[in-house]
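Quick notes on the structure that follows.
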Amino acid sequence: MLYRCLVIFIFTVFYFNISCSAQTGVIESIKKKMQLVKTPGEKLSVIFSLCGQGYSLHPDSLMVYATMGRAIAEETGNLNDKVKAMYFESFALTNKGLIDSSLNIANQCIAVLSGPINDPVLLANVYNQKGRCFMRMNKYKEAIEMGYKVINGGEKASDTLLQMKGKTLIGWAYLEMGQSKDALTWHLKALQTAKSPAMLEQYGILFANLALNYSVLGKLDSSLYFIDRAISYSEKNENLFALSNSLAIQAQLFVRAGKSNLAEAPLKKMVSIRKLIGDPFYIISDMSQLSLYYAHNGQPEKGIALCFEGIEIARKFGMDTKLFFLYGSLAENYKVLGNTKKYAEVLETIIALKDSVYQTNSAEALAEMQTRYELQKKENLIILQKLDISRKNYLLYGSLLFLFFASLLAWILFRGYRNNQQVRMGKMQEEEKQLAAHAIISAEENERKRIAADLHDNIGAYATAISANVDDLMMADRSVDKTILLTMKNNAGEIMSNLRDTIWILNKDYILLTSISDRFKTYTQKFSDSYPGIEIEIQEKIIDNLSLSPQIALNTIRIMQEAFHNAVKHSKATKITIEIISNGGLKILVKDNGKGINLDEDFHGNGVPGMQQRAKRNGWQLLISTIEPTGTMVALIS
């Protein structure tokens, strides 16, 4: 019902009726073949061929055929065929937006394929299917992991197409994370994996991804080149999914190139194809693209309404990855409408949004002027013909009229040229700003790596030397106070441990929350042997795997270490619990069941003030409180 309403809405917008065949030629041919087969085995083979066209089938139809195939497989007792049918069921559920159910079936397939059945190709395809699910759930780390498994399975089976799928999946994940250069690297790897042009033609979606990659990197000519190939290959192989995605990207590129008038045709064709394959994930993408089309064609009110409808659908199906594009289109419509307040509010909602500048369609303006000029020439010709009746008077009037329009046309052309120059100058200034920003980022990264290297080479070397000297003293002179030497050795070890953490963080552009959690587990592990009477438990509830800057990550891990160190050393607790919670925001709790804290007396020294200063630098809250009936809790809240 949701999809049907969407299609009717888009039809109303474009004022056209869709007329297209119910299926592709390949699908129709397979259906005719199904009517001729007789045995269950032959029928199952044809059904699987039909399910193999899942990218061009409506998910409801695909589910019907997959269920039919599963029933036949159960009757014949063929477990491998049953798993293959279940894989197609998972595929259909993903296209319907039922991701949890799809993952459940995929996991059942993997359990069987990891035990009684050895089918590496089918297993790799199931991993690819799981990767599609994770992409729609915004779980890029898991999707990349699936991509590596697909590549591994493809290499084992010498299946080049599977290897291309795995590399494309990884590139897609990096693209969604905004890491365009890494995404392009993986997509080019997939391109280079193909052994023949014919194989590339079978996988048109790769060229669509490459086009999107180059578009994000600002290389419009390369984007248009690859999207033309994507459309050509998708049409040749009748892959409706790849074709509709390619048409959506092509429309977007036309808008960015200042050719909004060319965007309508691919949008119309895309809508007619979406009607056949009916995937809410891509229906939302279509709404985003259509809203952007409205923004660039003077209909921002329609674009805004469509964006809000898309946002509601995305939240209903849990498709958070699509909110970025919808909010981006929403911001563009508010910008065109001139509502600066709403425009600023939407920009604050977007996690990472590149500045976009609305450019006047100068080509369209020139075409309009040319049309007016040609019309005027015809009118002048009529005037000149009438001058034959009264040459003297009308010749004078006609000449003046011609001069007037010639002057007007010259003025219009001059104004258009001047506006074009201003737009070009603005683009050059914007590019200079971007180059300067990239230079600053590069300089910061180089300085951070230089500091890390200096710390490692200088302070690290001295700390190592101190530890070695203490060992020499302890072995050489038994009269030396071993307690002092042991303290010196432990302090040197602490220096090295802190240095390793600092260097680890400084060497990275960003730190994932799961990486911080893993690092902290290693930190707490060394205390287990020294404090056997304390139970240490770490609970992870990481829904959003946040990316933190090196400075924020360093402050965070230092606060966690200090809170944990205080609990171990001073609380007299028998259990310490660390909770790491990330669901929209970040909350880290360090709790113990010890003697509790005296808020008036225990805030002396450098430990607690240091934690408070680090939390303040992050812009976060640090709360320290007692727990009833006994114990202390340190809470770090973003």
Residue 188 versus residue 626: modelled label distance in nm, points set 7 Å from Cα along the beta carbon direction: 6.3
Can you put 348, 176 in order, fewest other beta carbons within 10 Å first? 348, 176
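Any chance you could count the Lys pairs in segment 510-637 whose alpha carbons are under 13 Å apart, treating pairs 8 or more apart or on different chains as valid?
6
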For residue 512, residues with placed amide H under 5 Å, excluding near neighbours: 548
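Segment 158-242: which trypsin sites (Lys or Arg not before Pro) are DSSP loop and have at most 11 other beta-carbon atoms within 10 angstrom?
Sites meeting the loop and neighbour criteria: 195.
Rounded to the nearest 5, what is the percent of antiparallel bridges among the DSSP beta bridges in segment 510-637? Kindly include the intermediate steps, with their values, before the conclusion.
Values: 21 of 29 bridges.
Rounded to the nearest five, the antiparallel share is 70 percent.
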Using 0.36 nm times the number of residues separating residue 104 and residue 529, minus their current alpha carbon distance, what extension gain do you get? 149.0 nm
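Report, in cubic angstrom per residue, the convex hull volume of the C-alpha atoms of segment 510-637.
On the way: hull volume 12.8 nm³, N = 128.
Hull volume normalised by residue count: 100 Å³.
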Segment 38-64 versus segment 518-574: alpha-carbon centroid distance in Å: 53
If I model a spin label as a point 7 Å beyond the Cα along the Cα-Cβ vector, how far apart are those points for residue 67 and residue 26 in nm? 2.5
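Which of 222, 272, 246 has the fewest other C-beta atoms within 10 Å, and how do the rest follow up to the most?
222, 272, 246
What FRET efficiency comes out for the pair residue 540/residue 221, r = Cβ-Cβ distance, R0 = 60 Å, nearest 0.05? Don't jump to the answer; show the numbers that get you there.
Numbers: r = 46 Å, r/R0 = 0.76.
The calculated FRET efficiency here is 0.85.
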How many nm separate the modelled label positions at residue 616 and residue 337, each set 7 Å beyond the Cα in the direction of the Cβ? 4.2
Chain lengthening between residue 60 and residue 118 when straightened (0.36 nm per residue, less Cα-Cα): 17.9 nm
Grab the beta carbon distance between residue 259 and residue 315, set R0 = 30 Å, and tell me the FRET efficiency rounded to 0.05. 0.35
Gained length - residue 570 relative to residue 404, 0.36 nm times residue gap less alpha-carbon distance: 50.5 nm
May I ask you to evaluate 6.51 cos²θ - 1.76 cosθ + 1.60, the Karplus curve with θ = phi - 60°, for each residue of segment 63-79 and list the ³J(HN,Hα) values in order in whole Hz, giving x for glycine and proline? 5, 4, 5, 5, 5, 4, x, 5, 5, 5, 4, 5, 5, 7, x, 8, 5
Tell me, what is the FRET efficiency for residue 412 and residue 235 to the nearest 0.05, using R0 = 41 angstrom and their Cβ-Cβ distance as r? 0.50
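Quick check on the exposure proxy: order 633, 475, 146 from fewest to most C-beta atoms within 10 angstrom.
Numbers: 633 19, 475 8, 146 26.
Ordered from fewest to most neighbouring Cβ atoms within 10 Å, 633, 475, 146 come out as 475, 633, 146.
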When the Karplus curve 6.51 cos²θ - 1.76 cosθ + 1.60 is applied with θ = phi - 60°, which whole-Hz ³J(HN,Hα) does each residue of segment 621-638 get, with x for Gly and Pro? 9, 10, 10, 10, 8, 8, 10, 8, x, 7, x, 9, 10, 10, 10, 10, 10, 7
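Read-outs throughout are calculated quantities, based only on the coordinates presented, and are distinct from any laboratory measurement. Keep in mind it's a predicted model, so treat the numbers as computed, not measured. Cβ atoms come from the backbone with ideal geometry, glycine included; neighbour counts cover every protein chain shown.
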